[in-house]
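The structure under discussion appears below in the form of structure tokens.
The values are calculated or read from the model by the stated rules, or taken from the named source; none is laboratory data. It should be emphasised that the depicted structure is a prediction, and the values quoted were computed from it without experimental measurement. With ideal geometry, Cβ positions are generated from the backbone for all residues, glycine too; neighbour counts draw on all protein chains shown. We work out accessible area using only protein heavy atoms, side chains counted, and drop any ligands, DNA or RNA first. Shrake-Rupley method; radii C 1.70, N 1.55, O 1.52, S 1.80 Å.
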Amino acid sequence: MSRRTLRTPPGMRDFLPSEKRQREWVIGRIRAVFERFGYEPIETPALELLETLKGKLGEEGEQLLFKVLRRGTALEDLRLGRVSQVTVTDYDEVVDYALPYDLTVPFSRFLAMHPNLPRPFKRYQIQRVWRAEKPQRGRYREFYQCDVDVAGSESMLADAEIITVAIEALLELGFTDFRTRIGHRKILDGLVEWAGGAERFTDICVSIDKLEKIGLSGVREELARREVPQEVAARLLGQLTETGEASAQLTRLERTLADTRNGPAGIAEMRELLDALAAMGLPQDRYLFDLNLARGLDYYTGPVFETFVETPPIGSLTGGGRYDDLIGRFSGQPLAATGTSIGLERILDVMQEFDMLPTSRAVSEVLVTIFDDASRIPALRLAAELRRAGICTEFPLRRTKGLRQQIAYASSKQIPLLAILGPDELREDRVTLRAGPGNQRSVARADVAAEARRFLQELVRTPA
RNA sequence: GUGGGCAUAGCUCAGUUGGUCAGAGCGCUUGACUGUGGAUCAAGAGGUCGCGGGUUCAAAUCCCGUUGUCCACCCCA
């Protein structure tokens, strides 16, 4: 088998048992936080109609869709040699389906299809999504997102809860060095209107979103490159670089944006949101109002939020916002919604780098030894008994030579406990439980399950 | 999509100015060792040196192309 064929597609990975268990551990913690706030799990298909996904991602998002070639029609003729070539003028002609790019759009489709669910509907969703990007550190073509969303509430309480859930999830995983930036699309909208660039809103958002990253001059250049008039850019940047307490900034903006269409509503919502957050018991230094946070996706309509770690510079760990119009685009019935996405892969990358993950050990907690034909049946019985007691147990599935080899197997698989049931033990109706050199005890055969359980608990408390 | 680094066994990597350079360690397989911690000893499998072309008496080594991969940009989780 050549190296050429023996590989995974770019940006898509195999996970070894130890890696998979770490992933599941992290997912488990995140899920526990979601459920602590009353969010329910759902799942959507691995394919969506292309039509469902189109036109929701912004200009650049759409080319990142993995599209599935349609079966039949002219392409089938081509495959069967009935025709020698096929002419296509738009990919709609050959594509019906695409792999989801995120979980928000499928969720919106889901909500539009299930209008009778109790509202507000609170769901979480932990699934793979796909983007046809060039893979890089912290960026893959196939990756998991952990989304939490509330649909059917226009209250800032919903946004505050989503932000709180995301922060709690990171705290639960042991993160300490992060900040959640909170911006507001309506305030930005007001600001852009005030500056006289309303018709270029999307372009302007994309540019000012980078303020932190490329600096004032970088944004000025980018706005110029996008042909935003210079005086518009100047007015805008003057406002965006004002700093200070959130409340002071909002008071200032309130005056500036008094006559704009969306500014006043945005400011009122932002105040409401910050008040709610303060009441929800989050550490104050975990989040901040950041006028410059815009986010690239088209569908956000209200507060937007993003969580960053300073080190390593890996990008955002979570990102989300309010999208009150998206669901209406599917059903015609407007339905307010807000939510966030937690980036599992980046979280894992960071946790790996800072050694925040628990040391992985095997699924099996006990290995029951098999010495010879005579001890085989008793060993199988013992294993069955341990399993009935809820202890993950295995025994050697192929011939082993002596105890040493079985110990080596248990060690290499990091199985913590060995249940030795040899001729000596059988004669005395006992079992030797062994956790390591010099750390073993002989227990009565009848007490094995209880003793093993106790032994394992001691081992967890005092890791070897 | 743009730019740069890298490519030798399953993994981590040696390989001199082109000339016994097809290698090591780990892992894997088999055998030996009367039942106590990833052993030891012995044997074995596994590579057209990413692929294609060129230079040369001679290429893992130099040149060109190509593919893959990693990093940066863009964008994002």
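Just to check your reading of the model, which residue among A:16, A:69 is among the hydrophobic types (A, V, I, L, M, F, W, C) and touching a residue at least 12 places away in the same chain (Cβ under 8 Å)? Let's see the steps before the verdict.
Numbers: A:16 fails: touching a residue at least 12 places away in the same chain (Cβ under 8 Å).
Exactly one of A:16, A:69 is among the hydrophobic types (A, V, I, L, M, F, W, C) and touching a residue at least 12 places away in the same chain (Cβ under 8 Å), namely A:69.
Taking the range A:357-377 as the region of interest, how many residues are in contact with a strand residue (DSSP E or B) (Cβ under 9 Å, 6 or more places away or on another chain) and over 30 Å from residue A:171 (Cβ atoms)?
Of all residues in the range A:357-377, those in contact with a strand residue (DSSP E or B) (Cβ under 9 Å, 6 or more places away or on another chain) come to A:362-369, A:371.
Now narrow it down to the ones that are over 30 Å from residue A:171 (Cβ atoms): A:364, A:366-369, A:371.
Number of matching residues: 6.
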*Hand me the list of helices (runs of 4 or more DSSP H) wholly inside the range A:244-332 holding 1 or more residues that are touching a residue at least 40 places away in the same chain (Cβ under 8 Å) and within 16 Å of RNA strand B (Cβ to nearest atom).*
A:326-331
*For residues in the range A:179-205 being surrounded by fewer than 18 Cβ atoms within 10 Å (Cβ to Cβ) and of a type in the set (A, V, I, L, M, F, W, C), which is farthest from RNA strand B (Cβ to nearest atom)?*
A:198
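Of the residues A:448, A:443, which single one is outside the structural domain of residue A:176 (by TED's automatic domain parsing), surrounded by 12 or more Cβ atoms within 10 Å (Cβ to Cβ) and touching an Asp or Glu at 6+ places or on another chain (Cβ under 6 Å)? Walk me through how you get there before you give the answer.
Numbers: A:448 fails: touching an Asp or Glu at 6+ places or on another chain (Cβ under 6 Å).
On inspection, the qualifying residue turns out to be A:443.
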*Among the residues of the range A:86-105, which ones are assigned to a loop (DSSP other than H, G, I, E, B) and either within 13 Å of RNA strand B (Cβ to nearest atom) or in the same structural domain as residue A:129 (by TED's automatic domain parsing) (or both)?*
A:99, A:100, A:101, A:102, A:103
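Which residue out of A:387, A:381 is within 21 Å of residue A:17 (Cβ to Cβ), modelled with pLDDT of 90 or more, open to solvent by 50 Å² or more (accessible area, probe 1.4 Å) and not aliphatic (A, V, I, L, M)? Please lay out each step first, then the result.
On the way: A:381 fails: within 21 Å of residue A:17 (Cβ to Cβ).
Criteria check complete, one pass: A:387.
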*Output the residues belonging to the range A:390-410 that are touching a helix residue (DSSP H, G or I) at 6+ places or on another chain (Cβ under 9 Å) and either modelled with pLDDT under 85 or on the phi > 0 side of the Ramachandran plot (or both).*
A:390, A:400
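Okay, residues lined up against (1) of a type outside the set (Gly, Ala, Ser); (2) touching a Lys or Arg at 6+ places or on another chain (Cβ under 8 Å):
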site	(1), (2)
A:161	yes, no
A:173	yes, yes
A:193	yes, yes
A:198	no, no
A:205	yes, yes
A:219	yes, yes
A:226	yes, yes
A:231	yes, no
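From the residues in the range A:392-414 that are among the hydroxyl-bearing types (Ser, Thr, Tyr) and more than 6 Å from RNA strand B (Cβ to nearest atom), which one is least open to solvent (accessible area, probe 1.4 Å)?
Initially, the range A:392-414 is screened for residues among the hydroxyl-bearing types (Ser, Thr, Tyr), giving A:393, A:400, A:409, A:411-412.
Okay, now just the ones that are also more than 6 Å from RNA strand B (Cβ to nearest atom), so A:393, A:400, A:409.
Details: A:393: 15, A:400: 34, A:409: 88 Å².
Filtering the range A:392-414 for residues that are among the hydroxyl-bearing types (Ser, Thr, Tyr) and more than 6 Å from RNA strand B (Cβ to nearest atom), the one least open to solvent (accessible area, probe 1.4 Å) comes out as A:393.
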*Give A:257, A:282, A:274, A:288 a once-over and let me know the one that is assigned by TED's automatic domain parsing to the domain that holds residue A:241, among the hydrophobic types (A, V, I, L, M, F, W, C) and buried (at least 21 other Cβ atoms within 10 Å of the Cβ).*
A:257
*Taking the range A:415-435 only, how many residues are exposed (fewer than 13 other Cβ atoms within 10 Å of the Cβ) and either near RNA strand B (Cβ under 6 Å from one of its atoms) or under 11 Å from residue A:369 (Cβ atoms) (or both)?*
2
